[in-house]
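Have a look at the structure below, then the notes.
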Amino acid sequence: MVLLHAFPLTASMWSPQRAALSEAGWRAITPDLRGFGGTALEESEPSLDAVADDIVAMLDSRRVTEPVILGGLSMGGYVAMAFMRRHPERVAALVLADTKAAADSPEAAANRERIAAAVVEADSSLLLVDELLPKLVGATTKERRPLVMGRVKALIETARPAAVAWAQRAMAARPDSRESLAQVGVPTLVVVGEEDEISSPAEAEEIAAAVPGARLVRIPASGHLTAVETPEEFNAALLAFLATL
Ligand code: MLT
């Protein structure tokens, strides 16, 4: 199982899933996406297609040639959808968590460009702590889970400005995936936190309705980062899905 992380975090967001998957006998591969965590940011046109191709190259380098179960949360979900468009033969099943199929509105794309320019200008990603952190986690986490808040904040603080800018521009350039979702021919799980302010439950319902046979799990008292905020519930949904494959 390959799990793709959210913006602007790193693969370490998946540590509770790695533990649960390995206990259940699955091999988990959780790469840092281009520019995040330990990976280099190559000079190239910002594009999530390039990130999807990075994942294929990583699988090839590990000699994983059989189809994988591919999961992504938020930006990771956008990359998973790009991967499905470009390399459908490499995917055996799909997990799309707290993500959306529609492209950015012009306003959303302009806001990403503002953030990209600002973090590069300031040579710091700290503005994301003020602007994004309050939306990344749900109301319940803000009230009752200070350790989760601290963990997410620490991950945001490590994000390099150049990677933040590149990823924002890549997300702004992503196409609408709604039509291609109808072509998905593998078992699909859609997960959403009921308090998700970035990718709403309605947007998750749209994905689940578009993918033939998809199942949708809504997690109560969880925001945009379900896998981090409520790992037990997320893992239960994931393992129940994997058990059906
Ligand atoms: C994420 O969590 O990956 C981002 O918030 C996604 C986005 O900005 O659309």
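Among rounded, prolate and oblate, which fits the range 39-83 when a ≥ b ≥ c are the square roots of the eigenvalues of its C-alpha gyration tensor, a/c under 1.5 means rounded, and a/b larger than b/c means prolate?
Details: a/c = 2.25, a/b = 1.21, b/c = 1.86.
Oblate is the answer for the range 39-83, as a/c is 1.5 or above yet b/c matches or exceeds a/b.
Once you have the Cα-Cα distance between Ala182 and Ala240, take 0.36 nm times their residue separation minus that, and quote the gain in nm to one decimal.
Taking 0.36 nm per residue and subtracting the Cα distance, the gain is 18.5 nm.
Would you mind pulling out the separation of the Cα centroids of the range 1-70 and the range 176-223, in Å?
Using only Cα atoms to place each centre, the spacing works out to 20 Å.
Using a 10 Å cut-off on Cβ atoms, rank the peptides 38-44, 116-122, 205-211, 106-112 from the highest mean neighbour count down.
Numbers: 38-44: 10.7, 116-122: 15.9, 205-211: 18.9, 106-112: 13.4.
Answer by packing, highest mean first, reads 205-211, 116-122, 106-112, 38-44.
Could you name the aspartates and glutamates in cross-link range of Lys100, using Cα to Cα under 17 Å and dropping any fewer than eight places away on the same chain?
Cα-Cα hits under 17 Å: Asp49, Asp176, Glu179, Glu194, Glu195, Asp196, Glu197, Glu203, Glu205, Glu206.
Within the chain, which complete DSSP H helices have Cα atoms spanning at least 15 Å along the helix axis and a mean Kyte-Doolittle hydropathy of 0.0 or higher?
48-61, 75-86, 106-122, 146-157, 161-172, 231-243
Taking H as built 1.01 Å from N, whose amide H comes closer than 5 Å to the amide H of Ala103, not counting residues under 5 places away?
When sequence neighbours closer than 5 places are left aside, the close amide H contacts are Asp176, Ser177.
Run the Debye formula on the Cα coordinates of the range 132-216, all scatterers equal and no solvent, and tell me log10 I(q)/I(0) at q = 0.22 1/Å.
-1.08
Calculate, in nm to one decimal, what Leu147 and Asn111 gain on full extension: separation in residues at 0.36 nm each, minus their alpha carbon distance. Don't skip to the answer; put the middle values down first.
Working: separation 36, 0.36 × 36 = 12.96 nm, distance 2.92 nm.
Length gained, Leu147 through Asn111: 10.0 nm.
In Å³ and rounded to a whole number, note down the convex hull volume per residue for the Cα atoms of the chain.
Once divided by residue count, the hull of the chain is 112 Å³.
From the phi of every residue in the range 186-191, what ³J(HN,Hα) in whole Hz does the Karplus formula 6.51 cos²θ - 1.76 cosθ + 1.60 yield, where θ is phi - 60° and glycine or proline is x?
Here the 3J(HN,Hα) series is 10, x, 9, 10, 10, 10 Hz.
Hey, with R₀ at 25 Å, roughly what FRET efficiency would Leu41 and Ala102 work out to, going by the Cβ-Cβ distance, to 0.05? Kindly include the intermediate steps, with their values, before the conclusion.
Numbers: r = 27 Å, r/R0 = 1.06.
In this case the efficiency is close to 0.40.
For a quick check of understanding: with a 1.4 angstrom probe and all protein chains in place, what accessible area in square angstrom does Lys153 have, to the nearest ten?
Counting only protein heavy atoms, Lys153 exposes about 80 Å² to solvent.
Amide H neighbours of Val95 under 5 Å, at least 5 residues apart or on other chains, H built in the peptide plane: list them.
Residues meeting the criterion, in which the H sits 1.01 Å from N, are Leu70, Gly71, Gly72, Leu189.
Tell me, what is the FRET efficiency for Ser124 and Ala19 to the nearest 0.05, using R0 = 35 angstrom and their Cβ-Cβ distance as r?
Working: r = 32 Å, r/R0 = 0.93.
Using R0 = 35 Å, I get an efficiency of 0.60.
Could you tell me the largest-minus-smallest coordinate of the C-alpha atoms of the range 1-86 on each of the three principal axes, in descending order and whole angstroms?
Extents along the principal axes: 39, 27, 21 Å.
The values are calculated or read from the model by the stated rules, or taken from the named source; none is laboratory data. For clarity, every value in this text was computed on a predicted model and none was experimentally measured. All Cβ positions, even for glycine, are placed from backbone atoms using ideal geometry, and neighbour counts span all protein chains on display. Surface areas here come from the heavy atoms of the whole protein model, side chains and all, with no ligands, DNA or RNA. Shrake-Rupley method; radii C 1.70, N 1.55, O 1.52, S 1.80 Å.
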